[in-house]
Structure formats: structure tokens, C-alpha cells
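Everything on this sheet refers to the single structure shown next.
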Amino acid sequence: MLKWLWLSLAVLVLDQLTKQLAEHYLQLHDPVAVVPGFNLMLAYNTGAAFSFLHDAGGWQRWFFTILSSTVSAGIVWWMWRLDASERWLAIALALILGGALGNLWDRILLGHVVDFVQLYYRRWAYPAFNIADSAITAGAIMLIIDSLFFKRESHSRS
């Protein structure tokens, strides 16, 4: 099921393109209203999800780089082992992989992840995120759906 790696590449390219556009057109932490509840706002995240460990002093860059690289390799291996009938699972993994690689690219080259999408309601605002985060989330939801609703025979491939 490595044929789905094109989807990972598409996510990576779209993620990097939109991040470049955000950095070119947006000012750091200056929201631009699109519609009520949705802003474009440039932010840099040196941590992980929800800025976890963002103020850890710099070691987290390399920790998340190594973690993301290891998980990405594991996902490719998992995809390689999938049966041709496991298309839904392959798509889920390809989305997660593309998102992981998009954020990994930022961490390696920039030392932080570029975020630019902000959702809010009145005074509450969801932490800024990007296309890579969206792909990871969609893939994770698909993995949950797969594990709950798709039955498959137990077999292993050598």
C-alpha cells in the first residue's frame, strides 16, 4: 500500500506552500479575520500539540525531531505491510505521515513549526494550527473509525 505515499507528498507540499504564504503575508500574532470564528494568524510553535514543552529551553526541538522521524519510519513500515484491501487504513496513515513530515521539515529547518489557522468563539480561541496538523487529525480520526468499525481477519505478513 505504499502507492498511497503520493497522498503524504501532497499533504507535505500543500502544508509547506501554505506556511510560506502565511509567513509572506501575515504578521506574527496579528490575526486577520476571514469569517466570524476563523482567523489567519501567524504563530511559531517550538513545542508539540497545544505548545506542549514550548518553553523547555531548546532540547524539545531535537526530541520532537527524533520522535517524528521514528514515527514516520514506523508508519511507512506499517503501510508496507498492509494488505491491498486495507485502503482506508492506508489513506489514514498517509495523511498522518504527510502531516508529520510537514512539521518535521519545519523543526529541522526553522527550529519551530509554523502555524497560521486560528478558530475562536467569543473570547475562547483554539491554539493556532496548520495543514499538517489538520492532516494528522483527519488521519487519527480515520484510524479510530478503522479500529471501531472495520473488521479484518487476523493474519501476519512476513
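Read the figures in this text as sums done on the coordinates, not as results from a lab. Computed from a predicted model, the values in this text were never measured in an experiment. Here the Cβ is made from the backbone with ideal geometry for all residues, glycine too, and neighbour counts use every protein chain on show.
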Stretched fully, the stretch from I145 through A84 gains (0.36 nm per residue minus C-alpha distance, one decimal, in nm) 20.1 nm
Which whole-number percent gives the relative contact order of segment 58-150, counting Cα pairs below 8 Å spaced six or more residues apart?
32 percent
May I ask for the longest run of the chain untouched by chymotrypsin sites (Phe, Trp or Tyr not before Pro) that are loop-located per DSSP and have at most 15 neighbouring C-beta atoms (other than their own) within 10 Å?
53-149
Consider the candidate values (1) 0.93; (2) 1.04; (3) 1.02; state which one is Rg/Rh (Cα atoms, Kirkwood Rh) computed from the structure displayed.
(3)
In degrees rounded to 10, the 0-90 angle between helix 87-110 Cα long axis and the longest Cα principal axis of the chain is 40 degrees
